[in-house]
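Trainee: Provided herewith is a single structure, encoded as structure tokens, for subsequent inquiry.
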Amino acid sequence: MKFTLSATLLIGALALSACTNPDRFGSDGGSNGTGAGAGVNTDVIPGSANDPASTAYFQQAVGDRVLFQVDQSTLTAVGQTTLDGQATWLLSNVDYQAVIEGHADEQGTRDYNLALGARRANAAREYLIARGVPAARLRVVSYGKERPIEICSSEDCYAKNRRAVTVLAGGLTS
């Protein structure tokens, strides 16, 4: 019993002493890439949304989708801005290919919405090609109204489903 109490107190003291020196990795917290904590306490976590070369960054910071008006495949100014960011990212990260998915809301026939989704995907693809992204890296697919983000019957919801989404594929082009 006395041994267990002593061991518990020793472990507790060691645990507390480990937390007493917040500057143990240097004055900058070890984020300078040197010392015992090198690479552990950096600001960029590989593959996370704060890594500019990650797919998560592409989806969250650049934006992976553009929205369209009712029954339109013409890019809006906001959509063009998003695609400009996508083009810049794709030109900087040449190991990625992209599939541009065209979608439509649930209004209209299946065949009509497949064709509309294809026009939307192609509009985004042509815009990216015009910005310098090689055509061989871009494919298109239309899902029409088959893959809605939300299932509903209000205009707010329909607007979310009228989109072209750039999905990064692979990661290696060779």
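Each reported figure results from applying straightforward, stated rules to the coordinates on display, with no laboratory input. Everything quoted here is computed from the prediction, not taken from an experiment. Reconstructed Cβ throughout: ideal geometry from the backbone, glycine too, with neighbour counts over all protein chains shown.
Trainee: How far, in nm, would the chain grow between SER154 and ALA49 when pulled straight, counting 0.36 nm per residue and subtracting the alpha carbon separation?
Mentor: Contour length minus the Cα-Cα distance gives 34.6 nm.
Trainee: Another question, if that's okay. Simple spin-label model, 7 Å along Cα-to-Cβ: THR81 to ALA130 in nm?
Mentor: Each label point lies 7 Å from its Cα, and together they span 1.8 nm.
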